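Participant: The structure's right below; bear with me while I get my questions together.
The values are calculated or read from the model by the stated rules, or taken from the named source; none is laboratory data. What you see is a predicted model; the values in this text were computed from it and never measured. All Cβ positions, even for glycine, are placed from backbone atoms using ideal geometry, and neighbour counts span all protein chains on display.
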Amino acid sequence: MKLSSFGCLAVLPLSLSLTAAASAAVPNANAQAYATQSNPETLVLDARDAGRGLMTATMRIPVKPGPFTFVYPEWTPGEHGPTGPLSDLSQLKVSANGRALDWRRDQVDMYAFHVDVPQGVDTLDVEFTILVNSPDRMSTSNVAIINWNRTLFYQADANSHEVYFKPSIILPDGWGYGTALPAPNQVGQRVDFAEVPLNMLVDSPLDCGRYYKHIELWRKGGAYQMLDIFADKPQDLDIPDTLIASYKHLAPEAFALYGSRHWDVYHSLLELSDVIGFQGIEHHQSSDNRAPDDFMTNAQNQLSAGDLLTHEFSHSWNGKYRRPADLTTLNFQMPMQTDLLWVYEGMNQYLGDLLSFRTGIRAPGDYPEYLAALYAGLASEPGRNTEPLIDTTIAAPYLYQAIGSYPSIRRTAGDFYAEGELLWLDADTLIRERTRGRKSLDDFLHLYSAPAVTGPITKTYTREEIEQLLNQVAPYDWHAFFQKRVYEVAPTPPTDELARSGWRLVYTSEPNKFITTREALFHISDMWFSYGFLLGKDDLVADVREGSPAWVAGMAPGMKILAVENQAYTDGALKYIATQAEHSSGPTAFLVQQDSWYHTIEVSYHGGPQYPHLVRIRDQTDMLAKIMAPRAGR
Ligand SMILES: [Zn+2]
């Protein structure tokens, strides 16, 4: 999964499970699957009403007479939590041989539904309406994103690799689609696909829409990578050729990085819509990328979030092919354990960024500026003084959903992404230093993702294996390395990689390119390193840095800044007044509204605007330039 690069988390469906109650039946995967490859469960998804937020799923489920339970997928791969949107489910009807049957929901596990199957019945007909716009938007009148786990039921306690489905979709008139599902056969608006196991169906989302473009990014023999773009507005498909040329470097750079490939056909599905919002979900042979309308036409978007597609692409190797053993479950009702997300997501944050610079989607020379903003944000987070990084990964299913005030005090799911990048950059620079530049993290990735070519299979790992593979590349006490940085409270983020790569952190009044871009794209003001607050949407204070001048003066999240020094608030006015305050001795007066009260908050600060940057340490090798340089010949 990809979080927005901007600290504001993408909001996932709020549908936390209540199945942890002590009396709940423990889900298992031992039941004999009735839906087999030769007798699959059929699923017809009628998406013609996607424009008004409704779809209808009709299933025929193979069964046997007697008590039968079918379940709605609860734990969602890639979302790393019990996010199956139960509240989207409505108008459930069950019948057999044309006769309606009673169904009842389990009192403890609300994702489970019980039916008594009469004698002589071998299939159940199950139909329900999916409210695809609740709680989060998945469709507009021009585009729709189909995550199949939201559109089906399957036999309880069956192994998702053994239950087979034959999926079909009926598209709105004139819409195109993209998916990694095999053997599509389209007649009119209906597309039928080949039988696939349930785990592959859930791993193969389908994007569709009225305005679309299919671009071949890479091909070798029968293997290829597509970019399938669906836009809410047709003008957003007018993408500069130079940008597409950079995206064409993605597959060759990933092959150079990993030395392997575990798919034959890969679809980067990209949906462009301001209404649906930012999100990225990885899959083995595709990825579900959601971005703003002008993501491909406004260069600022590529600077700030140009790692969206690269991050999700990298997950095909790291996350899908190689996956933590305790995160790998046999069906979608079994709880996932998320402790190793510091590898799965943390290393991937580093690799997704690295690929965005190596491909040229972002200029390689911009990486130090990017790293400065990343490092400074983590270094000024008070939550790190009490909570080790491992706690943010263990609590990920909850933290992904946690929104609201004081993210810097609570710590967020974004921490194991951002700090993961520093951690793996630290490891990369350490390998380079200890092998005198002969080896790098790329060598580890070649071992990690061997052999060179396989189909979409999964090989699980443990922390011990990661440490042992690193040791093969560069002998070192990797266990102690991760223990200190991940498993124990670490008041400062990993730091050694900065000096080791020939750079040091400074703060100056010069704006940081990445912070300025975020401010412009999201209409926010970042005064985190000066006054000590972050002003978010609608001029509302989003967070206040503990101990900062704004904190001492009593500023709090949720306050709306109306005026600064009696001048109506704008970002420009605020920056001007902050600069002027360097030459005065009095405090800066902020007029704020908190609920229905107005206050004046006087902040004593005279340092001017401050932004993080990296500057070169003289006579030392610039390792960052070497790391971000393209590796695939071109
Ligand atoms: Zn991810």
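Participant: What is the residue count in the range 315-330 for residues that are part of a helix (DSSP H, G or I) and within 14 Å of the ligand (Cβ to nearest atom)? Walk me through how you get there before you give the answer.
Facilitator: In the first step, residues of the range 315-330 are kept if they are part of a helix (DSSP H, G or I); the result is 325-327.
The next check asks that each one be within 14 Å of the ligand (Cβ to nearest atom); those that pass are 327.
Adding up the residues that qualify gives 1.
Participant: Now a separate question. Just to be sure before I move on: is Gly360 away from the ligand (no atom under 16 Å from the Cβ), more than 30 Å from Arg616 (Cβ to Cβ) and not polar (S, T, N, Q) in the structure I sent?
Facilitator: Numbers: away from the ligand (no atom under 16 Å from the Cβ): yes; more than 30 Å from Arg616 (Cβ to Cβ): no; not polar (S, T, N, Q): yes.
No; evaluated as a whole, the condition is false for this residue.
Participant: Whether any residue in the range 572-589 is of a type in the set (D, E, K, R) and exposed (fewer than 14 other Cβ atoms within 10 Å of the Cβ) is what I want to check. Steps first, answer last, please.
Facilitator: First, the residues of the range 572-589 that are of a type in the set (D, E, K, R): 575, 582.
Next, only the ones that are exposed (fewer than 14 other Cβ atoms within 10 Å of the Cβ) stay: 582.
So far as the range 572-589 goes, yes, one or more of its residues are of a type in the set (D, E, K, R) and exposed (fewer than 14 other Cβ atoms within 10 Å of the Cβ).
Yes/no matrix, rows are residues, columns are (1) crowded, with 24+ Cβ neighbours inside 10 Å; (2) within 16 Å of the ligand (Cβ to nearest atom); (3) closer than 16 Å to Thr359 by Cα; (4) among the small types (Gly, Ala, Ser):
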| residue | (1), (2), (3), (4) |
| --- | --- |
| Asp236 | no, no, no, no |
| Ala251 | no, no, yes, yes |
| Pro292 | no, no, no, no |
| Leu341 | yes, yes, no, no |
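Participant: Pull out all pairs, ordered by first then second residue, where Cβ-Cβ is under 8 Å, the residues are six or more apart or on different chains, the first lies in the range 295-317 and is more than 10 Å from Asp353 (Cα to Cα), and the second is among the β-branched types (Val, Ile, Thr) and away from the ligand (no atom under 16 Å from the Cβ).
Facilitator: What qualifies is Met296/Ile229; Met296/Ile239; Thr297/Ile239; Gln300/Thr517; Gln302/Ile361; Leu303/Thr517; Ser304/Thr517.
Participant: Test of understanding: among Glu312, Glu271, which residue is more than 16 Å from the ligand (Cβ to nearest atom), surrounded by 22 or more Cβ atoms within 10 Å (Cβ to Cβ) and not in a loop (DSSP other than H, G, I, E, B)? Full working, then the answer.
Facilitator: Details: Glu312 fails: more than 16 Å from the ligand (Cβ to nearest atom).
Residue meeting the stated conditions: Glu271.
Participant: While we're looking at this one, here's another question. Within the range 132-158, work out how many residues are surrounded by fewer than 18 Cβ atoms within 10 Å (Cβ to Cβ) and either over 23 Å from the mean Cα position of the chain (by Cα) or of a type in the set (Phe, Trp, Tyr) (or both).
Facilitator: Residues meeting the conditions: 1.
Participant: Could you tell me whether the range 81-97 includes any residue that is over 28 Å from Arg290 (Cβ atoms) and in a loop (DSSP other than H, G, I, E, B)?
Facilitator: yes
Participant: Being buried (at least 22 other Cβ atoms within 10 Å of the Cβ), of a type in the set (A, V, I, L, M) and out of contact with any Phe, Trp or Tyr (no Cβ under 6 Å at 6 or more places or on another chain) is the requirement here; does Ala299 meet it? Show your work before the answer.
Facilitator: On the way: buried (at least 22 other Cβ atoms within 10 Å of the Cβ): no; of a type in the set (A, V, I, L, M): yes; out of contact with any Phe, Trp or Tyr (no Cβ under 6 Å at 6 or more places or on another chain): yes.
Against the criterion (buried (at least 22 other Cβ atoms within 10 Å of the Cβ), of a type in the set (A, V, I, L, M) and out of contact with any Phe, Trp or Tyr (no Cβ under 6 Å at 6 or more places or on another chain)), Ala299 does not qualify.
Participant: Give me a count of the residues in the range 191-220 that are buried (at least 23 other Cβ atoms within 10 Å of the Cβ) and either in a strand (DSSP E or B) or in contact with a helix residue (DSSP H, G or I) (Cβ under 6 Å, 6 or more places away or on another chain) (or both).
Facilitator: 6
Participant: Related question: Could you go through the range 393-401 and let me know if any residue there is at pLDDT 95 or above, touching an Asp or Glu at 6+ places or on another chain (Cβ under 8 Å) and closer than 18 Å to Gly306 by Cβ.
Facilitator: The answer is no, given that none of the residues of the range 393-401 is at pLDDT 95 or above, touching an Asp or Glu at 6+ places or on another chain (Cβ under 8 Å) and closer than 18 Å to Gly306 by Cβ.
Here's the yes/no breakdown for (1) more than 30 Å from Lys220 (Cα to Cα); (2) part of a loop (DSSP other than H, G, I, E, B); (3) under 27 Å from the mean Cα position of the chain (by Cα); (4) of a type in the set (Lys, Arg):
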position	(1), (2), (3), (4)
Trp424	yes, no, yes, no
Asp442	no, no, yes, no
Ala450	no, yes, yes, no
Asn471	yes, no, no, no
Phe482	yes, no, yes, no
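Participant: Select, from Ile276, Ile239, the only residue that is assigned to a loop (DSSP other than H, G, I, E, B), touching a strand residue (DSSP E or B) at 6+ places or on another chain (Cβ under 7 Å) and within 22 Å of Asn142 (Cβ to Cβ).
Facilitator: Values: Ile239 fails: touching a strand residue (DSSP E or B) at 6+ places or on another chain (Cβ under 7 Å).
Sole residue among the options that is assigned to a loop (DSSP other than H, G, I, E, B), touching a strand residue (DSSP E or B) at 6+ places or on another chain (Cβ under 7 Å) and within 22 Å of Asn142 (Cβ to Cβ): Ile276.
Participant: Do the conditions hold for Thr392, that is, is it of a type outside the set (A, V, I, L, M, F, W, C), within 16 Å of the ligand (Cβ to nearest atom) and buried (at least 23 other Cβ atoms within 10 Å of the Cβ)? Break it down stepwise before answering.
Facilitator: Values: of a type outside the set (A, V, I, L, M, F, W, C): yes; within 16 Å of the ligand (Cβ to nearest atom): yes; buried (at least 23 other Cβ atoms within 10 Å of the Cβ): yes.
Yes; evaluated as a whole, the condition is true for this residue.
Participant: Let me ask something else. For the structure I just gave you, tell me whether Met296 is more than 16 Å from the ligand (Cβ to nearest atom), over 23 Å from Ala395 (Cβ atoms) and hydrophobic (A, V, I, L, M, F, W, C). Walk me through how you get there before you give the answer.
Facilitator: On the way: more than 16 Å from the ligand (Cβ to nearest atom): yes; over 23 Å from Ala395 (Cβ atoms): yes; hydrophobic (A, V, I, L, M, F, W, C): yes.
Yes.
Participant: For the range 137-189, give me each residue that is basic (Lys, Arg) and within 23 Å of Glu127 (Cβ to Cβ).
Facilitator: Step one: list which residues in the range 137-189 are basic (Lys, Arg), which gives 137, 150, 166.
Within the range 137-189, Arg150, Lys166 meet the criteria.
Participant: For Phe230, state whether it is over 30 Å from Ala33 (Cβ atoms), not in a loop (DSSP other than H, G, I, E, B) and not polar (S, T, N, Q).
Facilitator: Working: over 30 Å from Ala33 (Cβ atoms): yes; not in a loop (DSSP other than H, G, I, E, B): yes; not polar (S, T, N, Q): yes.
Answer is yes for this residue.
Participant: Conditions first: (1) out of contact with any Gly (no Cβ under 9 Å at 6 or more places or on another chain); (2) at pLDDT below 95; (3) away from the ligand (no atom under 16 Å from the Cβ). Phe6 passes all but one, so which condition is the exception?
Facilitator: (3)
Participant: For the range 45-58, give me each residue that is part of a strand (DSSP E or B) and under 28 Å from the mean Cα position of the chain (by Cα).
Facilitator: Here is the first cut: in the range 45-58, the ones part of a strand (DSSP E or B) are 45-46, 54-58.
Residues satisfying the conditions are Leu45, Asp46, Leu54, Met55, Thr56, Ala57.
Participant: Same structure again: For the range 500-543, please list each of the strands (runs of 3 or more DSSP E) lying entirely inside it that holds at least 2 residues being farther than 26 Å from Lys626 by Cα. Let's see the steps before the verdict.
Facilitator: Details: elements: 503-508, 525-527, 533-535.
Correct list: 525-527, 533-535.
Participant: Within the range 274-284, how many residues turn out to be closer than 20 Å to Gly222 by Cβ and away from the ligand (no atom under 16 Å from the Cβ)?
Facilitator: Residues that pass the stated criteria total 0.
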